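A.B. asks: Structure incoming, see below.
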Amino acid sequence: MKSTMDLLDEALSRNTATFWCRELGVNRTALAVARARGRLSPTIAGNLARLMGLDMERWIAVAAMEAEPETRGKAKIKEQMSFWREITSV
C-alpha cells in the first residue's frame with residue numbers, strides 16, 4: 001500500500017464504511033469526504049491503521065506528506081524517509 005487511499009481501500013475490503021466511521025468515532029460522511037479529496041487526514045489514517053493492526057506512525061506520516069504541497073523541502077524529507085523509498089520504489 002502506497003497511499004492513504006490504498007489504506008482506505010484495504011479497510012473497506014475488510015468491513016463497511018459505516019463500521020469504520022463508528023469505530024473511528026467520526027461522522028458517517030467522513031470517509032466519503034476523504035475519498036472525494038483523495039486523501040485521509042493524519043488522524044483518521046493513524047487510527048484506521050491502529051484498528052487494522054498496521055504501523056500507525058507510518059500512516060500518519062504518509063497522510064501528512066500527502067497533505068503538503070510539492071516543494072523542495074518535501075522532496076528532501078521523502079529522500080530521508082526509509083519507508084518512503086521502499087513504497088515508491090515498487
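A.B. asks: Limited to segment 39-56, what total is found for residues that are in a helix (DSSP H, G or I) and out of contact with any Leu (no Cβ under 7 Å at 6 or more places or on another chain)?
C.D. replies: Step one: filter segment 39-56 for residues in a helix (DSSP H, G or I), giving 42-52, 56.
Subsequent filtering for residues that are out of contact with any Leu (no Cβ under 7 Å at 6 or more places or on another chain) retains 42-43, 46, 50-52, 56.
Here the count works out to 7.
A.B. asks: Scan segment 35-43 and give yes if some residue there is at negative phi and over 13 Å from the mean Cα position of the chain (by Cα), otherwise no.
C.D. replies: There is at least one residue in segment 35-43 that is at negative phi and over 13 Å from the mean Cα position of the chain (by Cα).
A.B. asks: A further question follows. Look at Gly46 and say whether it is surrounded by 11 or more Cβ atoms within 10 Å (Cβ to Cβ) and among the small types (Gly, Ala, Ser).
C.D. replies: Numbers: surrounded by 11 or more Cβ atoms within 10 Å (Cβ to Cβ): yes; among the small types (Gly, Ala, Ser): yes.
Criteria met by Gly46.
A.B. asks: Looking only at segment 1-38, count every residue that is surrounded by 14 or more Cβ atoms within 10 Å (Cβ to Cβ), free of Cβ contacts under 8 Å to residues at least 24 places away in the same chain and in a helix (DSSP H, G or I) and tell me the total.
C.D. replies: 5
A.B. asks: Regarding Lys76, is this residue more than 12 Å from the chain's Cα centre (by Cα), charged (D, E, K, R) and either surrounded by fewer than 17 Cβ atoms within 10 Å (Cβ to Cβ) or outside any helix (DSSP H, G or I) (or both)? Steps first, answer last, please.
C.D. replies: Details: more than 12 Å from the chain's Cα centre (by Cα): yes; charged (D, E, K, R): yes; either surrounded by fewer than 17 Cβ atoms within 10 Å (Cβ to Cβ) or outside any helix (DSSP H, G or I) (or both): yes.
So Lys76 fits the description; yes.
A.B. asks: Of the conditions (1) farther than 22 Å from Ser82 by Cα; (2) open to solvent by less than 60 Å² (accessible area, probe 1.4 Å), Arg58 clears all except one; give me its number.
C.D. replies: Among (1) farther than 22 Å from Ser82 by Cα; (2) open to solvent by less than 60 Å² (accessible area, probe 1.4 Å), Arg58 violates only (1).
A.B. asks: While we're here: Given the condition within 14 Å of Met5 (Cα to Cα), modelled with pLDDT under 95, within 9 Å of the chain's Cα centre (by Cα) and not small (Gly, Ala, Ser), answer yes or no: does some residue in segment 60-71 qualify?
C.D. replies: yes
The values are calculated or read from the model by the stated rules, or taken from the named source; none is laboratory data. As the structure is a computational prediction, the values presented were derived from the model and not from experiment. Virtual Cβ from ideal backbone geometry, glycine too; neighbours counted across all protein chains shown. Accessible surface is based on the protein model in full, side chains and every heavy atom, while ligands, DNA and RNA are left aside. Shrake-Rupley method; radii C 1.70, N 1.55, O 1.52, S 1.80 Å.
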